[in-house]
1. Could you please find all residues in region E:54-88 being of a type in the set (Asp, Glu) and either within 14 Å of chain A (Cβ to nearest Cβ) or crowded, with 19+ Cβ neighbours inside 10 Å (or both)?
2. Within the set of pairs 6+ apart or on separate chains, which have a first residue in region B:21-39 that is within 13 Å of chain C (Cβ to nearest Cβ), a second that is β-branched (Val, Ile, Thr) and in a loop (DSSP other than H, G, I, E, B), and C-beta atoms under 6 Å apart?
3. Show the residue pairs meeting these rules: Cβ distance below 9 Å; 6+ apart or different chains; first residue within region E:1-18 and more than 13 Å from chain B (Cβ to nearest Cβ); second residue among the basic types (Lys, Arg).
4. Can you tell me which residues in region B:13-28 are over 28 Å from E:Asn81 (Cβ atoms) and hydroxyl-bearing (Ser, Thr, Tyr)?
5. Residue check: is E:Ala62 of a type in the set (Gly, Ala, Ser) and within 30 Å of B:Ile137 (Cα to Cα)?
6. Working carefully through the options A:Thr45, A:Thr60, A:Thr19, A:Thr51, find the one that is of a type in the set (S, T, N, Q) and touching a strand residue (DSSP E or B) at 6+ places or on another chain (Cβ under 6 Å).
7. B:Arg9 versus (1) under 22 Å from D:His87 (Cβ atoms); (2) in contact with a Gly (Cβ under 7 Å, 6 or more places away or on another chain): which is the lone unmet condition?
8. Is it true that A:Asp31 is out of contact with any helix residue (DSSP H, G or I) (no Cβ under 8 Å at 6 or more places or on another chain) and surrounded by fewer than 23 Cβ atoms within 10 Å (Cβ to Cβ)?
There are 6 protein chains.
Amino acid sequence: MTRGFYIGRFQPYHNGHQTMIEHIAADGEVDELVLGIGSAGDSHTVHDPFTAGERIMMVTKAVAEFDLVTYVVPIEDLDRNSVWVSHVQSMCPSFDLAYSNNPLVIQLFEEAGIEVRQSPMFDRDRLEGSEIRERIIDGETWRDRVPDAVVEVIEECNGVERLRTISRSDVVERWEARPDEASD
Amino acid sequence: MTRGFYIGRFQPYHNGHQTMIEHIAADGEVDELVLGIGSAGDSHTVHDPFTAGERIMMVTKAVAEFDLVTYVVPIEDLDRNSVWVSHVQSMCPSFDLAYSNNPLVIQLFEEAGIEVRQSPMFDRDRLEGSEIRERIIDGETWRDRVPDAVVEVIEECNGVERLRTISRSDVVERWEARPDEASD
Amino acid sequence: MTRGFYIGRFQPYHNGHQTMIEHIAADGEVDELVLGIGSAGDSHTVHDPFTAGERIMMVTKAVAEFDLVTYVVPIEDLDRNSVWVSHVQSMCPSFDLAYSNNPLVIQLFEEAGIEVRQSPMFDRDRLEGSEIRERIIDGETWRDRVPDAVVEVIEECNGVERLRTISRSDVVERWEARPDEASD
Amino acid sequence: MTRGFYIGRFQPYHNGHQTMIEHIAADGEVDELVLGIGSAGDSHTVHDPFTAGERIMMVTKAVAEFDLVTYVVPIEDLDRNSVWVSHVQSMCPSFDLAYSNNPLVIQLFEEAGIEVRQSPMFDRDRLEGSEIRERIIDGETWRDRVPDAVVEVIEECNGVERLRTISRSDVVERWEARPDEASD
Amino acid sequence: MTRGFYIGRFQPYHNGHQTMIEHIAADGEVDELVLGIGSAGDSHTVHDPFTAGERIMMVTKAVAEFDLVTYVVPIEDLDRNSVWVSHVQSMCPSFDLAYSNNPLVIQLFEEAGIEVRQSPMFDRDRLEGSEIRERIIDGETWRDRVPDAVVEVIEECNGVERLRTISRSDVVERWEARPDEASD
Amino acid sequence: MTRGFYIGRFQPYHNGHQTMIEHIAADGEVDELVLGIGSAGDSHTVHDPFTAGERIMMVTKAVAEFDLVTYVVPIEDLDRNSVWVSHVQSMCPSFDLAYSNNPLVIQLFEEAGIEVRQSPMFDRDRLEGSEIRERIIDGETWRDRVPDAVVEVIEECNGVERLRTISRSDVVERWEARPDEASD
């Protein structure tokens, strides 16, 4: 039995992620896949609008269609790269290999002796999360870029309105949105 | 659609938990259940021997037999009772009611306006976790008190040996086991 | 102009505190007094039932009767004794002397070169907080041991019921109450 | 009895804030007002030069002229937007409505079911804090933009010199000022 | 070239530690030794009276007599056993083996694949730290149980008086000494 | 006996640092020097590529040639400027004066009443750390800018490859490298 690991912030989970996991499922390289939700404690910012709980819903519903046992695990930041691999390992079911094209993730896993698989395909849609968030803010089409389950989650939590509201902090005030920035 | 929430440390997940969740599944009160793994950052102590990842495995495998959609979510401690409910809510898919017999959990959820269901049955096996850990340490029978999936997880991670080894810190040295207590 | 500093957990603020501050006000040693609310982040335990906000109300209303300018400042724990004085100084208006009979507080302030005034009177009611909490739990008389303003605050936040509910965690389960102890 | 809440970093507290609170006092909408001092743990940077204690002094002295009961409460950052409202609520006397024009604050309070009042006037001077800090650094006039009490506090803590000194870190070294950046 | 690792809290560093390191130096098993100072952030309690800086002085001066290259490294607690080994490894020069008789340290290092050497001798004086602290508090002889360099460090920092003063918190008040326990 | 303090991030330790310490040693102003390693918890980023342990090796080996007793002490960030001096003092052997040209360090030490010595020479190479890291990334010559001992440490930990790998995160993805940024 082989178990793989793949991490993303999933802000939101989109078709690029879905294609990647479909590919891993089809490959048959792993029997089970752990999906880590990075920066789990962050939410309500333009960079990280959705809570860990909302992202768990997005991912779980979207991957249900694949013939692959999955574990969806929120990973809070420790802000210490040197202990990050141990932190991930303690929070997740044990895994045999990791999928990533992120250079830092590759470096950290390889220093810890964990095999990393890269693929040009994994990279293709990497920046789409940022573009989808901008499309939501600007009122452009975005629903065709995420699985249907993700549309549902975003609508249930009023995510479009939330993202537009908090984005006004950034545009007008030109600082990173924090609630205690209310009045300088 | 109704979603419930139930939290435990699951050190380890045992038949008392299993009966409780079977009961919730049979009741039909909820369509989905979020299972929070408390004190997710704690491990390798007599009180909390297993990592969050190991406990995710125990719970996920054990509840697979029920006809109930479940989400297994590790919850790290914030050590601030006053923000605990918000922390849980941000980490978990949204839920409509909570199951608990713990007075503090009941108090915190009720102050936050969340309905809590109690049951004499939930209480029955509350202290069994502690007893099972002592049985593992003392070499007494314990496998009949947990689901088969839990036995497998504990054996795969050499949990019996781990628990016995770290318990020697407590017995001989009479302090709470911490690695930097190595030499006073 | 001279400003003094006095810190307590105020769980709850009681007549012993009130007498002490009355004494400081009458003495005329200081023109202004900073009242630090210690362990500000703790609440909803038998040892620390009330939030910082509730304690701010208790103290502010109770000292309003004195002819003394006061500042009521919540102080969150840093859990580092060696930086505790700096932490207090950064959170509070600057002060010239501290009132305390607590040996650790005396030691830390004196190592930092800050004058500490002790008095047998300050000590007299030191343990009353613990006794008042037990009286509330056990249904004995306690209202005569705190200023009227404190009775009001405790009743407005349903403090009697809160304290009784969470105390059941301790009695029945014999562990320190934490919400994730819900089920072991 | 109605209590309002208003939060700012108050770096420093200036005439824009003073006008706003005067307005709230005159309105008669609230009987009492909680003034939260945001980012209370930050100090000694160009963005946040003053300690929480210094800011408590500024605010308390400045609002003394209004016929309004006020509570001045430092709020340390938790860096978790999803628990920020609970954190504020635990640190402050309970309040019925919040005043803010900050989109993130509005979003967080409204998701928590707390009423927020906005006003064009609240917004007018929002960025003045940044401009006043630059004026202090550049040696331009700034005393006419803050209440007299604030001038006194800044002069007592040698705030002008402090701000000018630490601003040289930013200008010359083009990095965010931190003490351990001493030598790269 | 082989480098070893040995950790203790060193509250204070005593003859048991000195004998152990003398033994390691004489053995010739390692060319260099990293000495980790555990719980580096703790000080000013009866359990941990001395700061990391004071303990660095004790250890460095005491081991200077041995023909062994040493590195003395304070290790702050992370309170996460599962990442403790990575934390130690990131803070210390890389090492090939660890010396310990502490069961938890052994377990954590062995799970991480690091060789641990035990010895009956290492154990002999393990609890002496606690006894020496009690002797200092009670005014009994203790100077013959620590290297001369340690006597000097303790006297320079007025350690005897500090320990006696803070011990009165424990005896009289029967609570864990914390500065904000000043008044309950 | 006089002891000085000098702090840097030492990413990496280079000839500018070496010249400065040579100068301090030659001056004879201090008998002993504490070398603080700032941001000790940071590693594996382009700004902070090396762990505290690796930097301890660099500094210890490089300063061995001077006739000066040194203590090399990693200092983790607390992210609270107001308690930074106390934090440094608790982690380090006590010192009488500090060497720095960093305006914030000067300000913080002087507010705490600690003498600071500045020198034009200290400033000269301040930004060289950043340039050396860029030279390593770009494949330009850098070994002539650091002591030989530093070259050895960087090569032993495969520092050149590590820095080049993680720098690709920044270039391609235009975000601050964090492992959980793997996939947006």
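1. Within region E:54-88, E:Glu54, E:Glu76, E:Asp77, E:Asp79 meet the criteria.
2. Pairs found: B:Gly36/B:Ile75; B:Gly38/B:Ile75.
3. Listed by first residue and then by second, the contacts come to E:Gly4/E:Arg117.
4. B:Thr19
5. Numbers: of a type in the set (Gly, Ala, Ser): yes; within 30 Å of B:Ile137 (Cα to Cα): no.
Taking the combined requirement at face value, the residue does not satisfy it.
6. Numbers: A:Thr45 fails: touching a strand residue (DSSP E or B) at 6+ places or on another chain (Cβ under 6 Å); A:Thr19 fails: touching a strand residue (DSSP E or B) at 6+ places or on another chain (Cβ under 6 Å); A:Thr51 fails: touching a strand residue (DSSP E or B) at 6+ places or on another chain (Cβ under 6 Å).
On inspection, the qualifying residue turns out to be A:Thr60.
7. Only one criterion in (1) under 22 Å from D:His87 (Cβ atoms); (2) in contact with a Gly (Cβ under 7 Å, 6 or more places away or on another chain) is unmet by B:Arg9, namely (1).
8. Values: out of contact with any helix residue (DSSP H, G or I) (no Cβ under 8 Å at 6 or more places or on another chain): yes; surrounded by fewer than 23 Cβ atoms within 10 Å (Cβ to Cβ): yes.
Spelling it out, A:Asp31 is indeed out of contact with any helix residue (DSSP H, G or I) (no Cβ under 8 Å at 6 or more places or on another chain) and surrounded by fewer than 23 Cβ atoms within 10 Å (Cβ to Cβ).
The values are calculated or read from the model by the stated rules, or taken from the named source; none is laboratory data. Quantities reported herein were computed from a predicted structural model and do not represent experimental measurements. So basically every Cβ, Gly included, is an ideal-geometry build from the backbone, and we count neighbours across all protein chains shown.
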